[in-house]
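The block underneath contains the structure these notes are about, expressed in C-alpha cells.
The values are calculated or read from the model by the stated rules, or taken from the named source; none is laboratory data. Bear in mind that the values here come from a model prediction, so they are computed numbers and not experimental data. Glycine gets a Cβ as well: all are built from the backbone with ideal geometry, and neighbour counts include every protein chain shown. All accessible areas refer to the heavy atoms of the entire protein, side chains included, with ligands and DNA or RNA removed. Shrake-Rupley method; radii C 1.70, N 1.55, O 1.52, S 1.80 Å.
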Amino acid sequence: MGLTIVEKIIKNHIVEGEMVRGTEIGLRIDQTLTQDATGTMAYLQLEAMEIDRVKTELSVAYIDHNTLQSGFENADDHRYIQTVARKHGLRFSRPGNGICHQVHLERFGKPGKTLIGSDSHTPTAGGIGMLGMGAGGLDVAVAMGGGAYYITMPRVIKVNLVGKLSDYVGAKDVILEVLRLLSVKGGVGAVIEYSGEGVKTLSVPQRATITNMGAELGATSSIFPSDAETEKFLRAQGRAEDYIPLEADPDAVYDKEYTVDLSALRPLAACPHSPDNIKSVESLAGAKIDQVCIGSCTNSSLSDMLTVAKMLKGKTVHPDVSLSISPGSKQVYTMLAECGALADLIAAGARILECACGPCIGMGFSPKSKGVSLRTFNRNFLARSGTADASVYLVSPETAAASAIAGVFCDPTTLGTAPKIDMPERFSINDNLIELPASEEDAKALTVERGPNIKPIPKGEAPKENLECELILKVGDNITTDHIMPAGAKILPYRSNVPKLSEFCFTVCDKDFPERAKAKGGGVILGGQNYGQGSSREHAALVPLYLGVKAVVAKSFARIHQANLINFGIVPMTLKCEADYDKIAEGEKIYIEGFAEAIRSKDEAVLVTERGEKIPLVLTLSERQREILLAGGTLNYTKAKSSAK
Ligand code: MIC
Ligand code: SF4
C-alpha cells in the first residue's frame, strides 16, 4: 500500500509505537523553534530538566511577540532567552529579524524533516514539505533534550486542488474556503495534505499561508508536496542543497478527500468571532470599516507585501481608515525598501510597524470602540485585538488593500486586472541578526541573565485518591486559549510570571474567576466541544494549575491544549454522554471516587454531583500519559525517570 507525504515523514522519524491511526506514536524531532511569549517557560523547563546542550539538528529561539517593551519585563525576557540560547547551543533570532514562522521558512525549514515549535502556527513549514507541529513549551524542551515528541497517529485528509486562482483571489481565500468546508473542528486528529494539479500553480509563500492557517482547522499539521516550486524557493534563498523531492505515492490511502476548484474561488472573509464563520466579500461589500492590518505569520511574505504596494501605489488610504503594515521578516522588509515598494506604502499613508507579530496578538493597534477591523491574520477570537467590542474580519491582502482605499469592504475582483508580481531569482540574504551559540567549551563559563519578572514555574502534584471539590467554572463550546489565558499588550509581559498572569485567567468569560478559584482552593472546570482550541500557550494549563484546577471535563479537547494539561498534571476527561453537560451546574460540589485509581488503570470514572446525578466520564490516556499524571506532570516524571537511571 502506498504512503501519503506525512506517512513517509513519520516512517522516517518514528521511535515509539506503530503507524496505526488513532494510537500514540513518538517521533524524533530534527528542528525546534520557540518564540518569546512561550519561550521563557520552555527554557525554564529546559534548565529544570538539566539539559546542558540541545541535541537536535537545529534549534532556534525567536523574539517576535513581545516587542512593545512598555516596561522592563519584555526586555528582561529577551535577554534571558538570548543568554540561554548562547549557553545551551541554540541560534537566537534577535528582535527585528522577523516573525518566527516566516523566518524559519526562509532560512531553516527543510522538506522531509520534522519541526516542533512552541507556537500553534508551526505547520507553516508544511509549505515547503516539512512536518511542522505546534506544541507546548515543555514538549519543545523535551525534544531539545533529544526526547521524542508524542502525537496520536493522525488521519490524513486530502485536499485536491484543481484549476488556478483568478486575479485578486489569494491563497488566503483557499484556506478560508477549506475552513468553510471543514470548520474549526474539522482537522482535529488529522493532517491535511494538499495535492492535485492546482498545487503547481501556487508558490511556496502561498502554500505557507494555507498550511499556516491549518492550525485554525484544529489539524495536527498541514503539508504540501516538495516539488519544482519548493526547489525554486530554496535556491532563491541560497539553500538549493536543502531540497529533496517529496510527494504521496499514487496509491496512498486517505481518510477523507475534498476538492477545491481554485478557478471558482471568490474573495472570502472570516467574520467575528471565529475563523470558520465564512462569508463572501461580495456579500459584505459597501459596509463601513475603520481599520485594516496587513501582516502576521499568515500573510507577510514578500509577494503579499509587493501585491499590496502595487495596489496602494499612487493612492491614499481612506480618511476613515487606519492601515498598519508589518512585513514578516527583515528579509521582506529590506527587499521592500530596496525595490522602492516601501516608499509606495508610506506615500499611501500606511503606518509601517516593525517586523513582528504586533497587532495579531493585541500588541498595539487595537481598533476603536465597536470598530470594524479587516486583518490578514489568522485569528479573530473575541477580544484578541485588545478591543472587546470590536468586530474583526480575516481577509486576504488583496481584499485588505482594496478596502483600505475604499473605506468600505471592497471585493478586489471588481478592480479589473491584478498587478503582476515577479518573485526574485534570489532573495536578499543577510543572517546578521541570527546569533550563533557559544561553543560547548566557552558555554561553560557563561551565566544566564534572569530579570525580576522571571518567577519559578508552579509544580504539579500527584492526584488524590478521591476527588472532592467544586465545579468552579462552566463554559460553552470552542473555548479558545485566548479565553483561558488572554494575551495582549497588558498581559503578555507577564508570560514568565505565573502568579501575576493568574489575575487574568478566564476573565474574558467571567471576571471573578481568578478570585473565586483562589477562594475555593481550585476545583474542576466543565467545557463543551473543542475545549482549548487556538494557541499552543501552555500558560492556559499552567495558570489553572496555579489556581488549583485538578481536572477539566469537556465534550472534546483540542490536541495541543490536552497535551499541555497532561504535561502539568491536570486530568482531561470527556463526558461519555454529551447531554450530561446540562446535568452539572457551576458552583456545585462534585465527587469522583477512585480518581487516582481511574488514572492508574481505568478508561472510565463516575462524577457524582451534589444533587446525586451520576455522570460517566471517559479517560483517553496512553500508558505514558497515565504515568505523567500520576507523577503530577512531565517535569516530575522526567526527573523521576532520570534519577531512576
Ligand atoms: C497566537 O497566535 O495565539 C500565539 C500568540 O502565537 C500563540 C502562542 C502564544 O500564546 O504565545 C500560538 O499560536 O501558539
Ligand atoms: Fe505571531 Fe499572530 Fe502568527 Fe501567533 S498568529 S505567531 S501572534 S503573527
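Points to keep in mind about this one:
- Summed over qualifying helices (DSSP H, 4 residues or more, each -39500 (n - 2.57)) and divided by its residue number, the chain shows a 222 nm mean residue ellipticity of -8500 deg cm²/dmol.
- Diffusion coefficient, µm² s⁻¹, Stokes-Einstein with Kirkwood Rh over alpha-carbon pairs of region 1-146 at 20 °C and 1.002 mPa s: 138 µm²/s
- Accessible carbon and sulfur surface of region 134-249 relative to its total accessible area, %, 1.4 Å: 49 percent
- Cubic angstrom per residue, convex hull over Cα atoms of region 353-419: 96 Å³
- Across region 83-215, Cα-Cα pairs more than 24 Å apart make up 33 percent of the total.
- Probe 1.4 Å, accessible area per residue of the chain, Å²: 36 Å²
- Each residue of region 479-489 was assigned a 3J(HN,Hα) from its phi angle through the Karplus curve 6.51 cos²θ - 1.76 cosθ + 1.60 (θ = phi - 60°); the sequence is 5, 9, 5, 6, 6, 5, 9, x, 10, x, 4 Hz, with glycine and proline shown as x.
- Region 549-617 versus region 384-411: alpha-carbon centroid distance in Å: 40 Å
- Charge tally for residue 341 (other residues, Cβ to Cβ under 10 Å; Lys, Arg +1; Asp, Glu -1): 0.
- As a fraction of the 1.4 Å probe accessible area of region 372-425, surface on carbon and sulfur atoms comes out at 53 percent.
- Using a probe of 1.4 Å on the protein chains alone, the accessible area found for residue 316 is around 100 Å².
- The translational diffusion coefficient of the chain, from Stokes-Einstein at 25 °C and 0.890 mPa s with a Kirkwood hydrodynamic radius over alpha carbon pairs, comes to 99 µm²/s.
- Per-q log10 I(q)/I(0), region 546-585, q = 0.16, 0.27, 0.32 Å⁻¹ (Debye; single scatterer per alpha-carbon; no solvent): -0.44, -0.94, -1.07
- Other residues lying with their Cβ under 10 Å from the Cβ of residue 379 contribute a combined charge of 0, Lys and Arg counting +1, Asp and Glu -1.
- The Rg/Rh ratio of region 189-278, with both radii computed over alpha carbons and Rh defined as the Kirkwood radius, is 0.99.
- Radius of gyration and maximum dimension Dmax of region 491-615, Cα, Å: 14.5, 44
- For region 270-362, size of Cβ-based charge dipole, Lys and Arg +1, Asp and Glu -1, in debye: 140 debye
- At 1.002 mPa s and 20 °C, Stokes D of region 430-503 from Kirkwood alpha-carbon radius, µm² per second: 122 µm²/s
- For residue 290, solvent-accessible area (1.4 Å; no DNA, RNA or ligand), Å²: 40 Å²
- Amide hydrogen proximity for residue 16: with H placed 1.01 Å from N in the peptide plane, the residues at 5 or more positions away or on another chain lying under 5 Å are 26.
- Between region 128-169 and region 266-337, the Cα center-to-center distance that results, in Å: 25 Å
- Of all accessible heavy-atom area on region 466-590, the percent that carbon and sulfur account for (1.4 Å): 48 percent
- Between region 465-482 and region 177-203, the Cα center-to-center distance that results, in Å: 32 Å
- Net charge, residue 131 excluded, C-beta distance under 12 Å - Lys, Arg +1, Asp, Glu -1: +2
- Sites matching trypsin sites (Lys or Arg not before Pro) across region 424-490 that sit in DSSP coil, with at most 14 neighbouring C-beta atoms within 10 Å: 426, 444, 459, 464, 490
- Of the whole protein surface, residue 180 contributes about 120 Å² of accessible area at a 1.4 Å probe radius.
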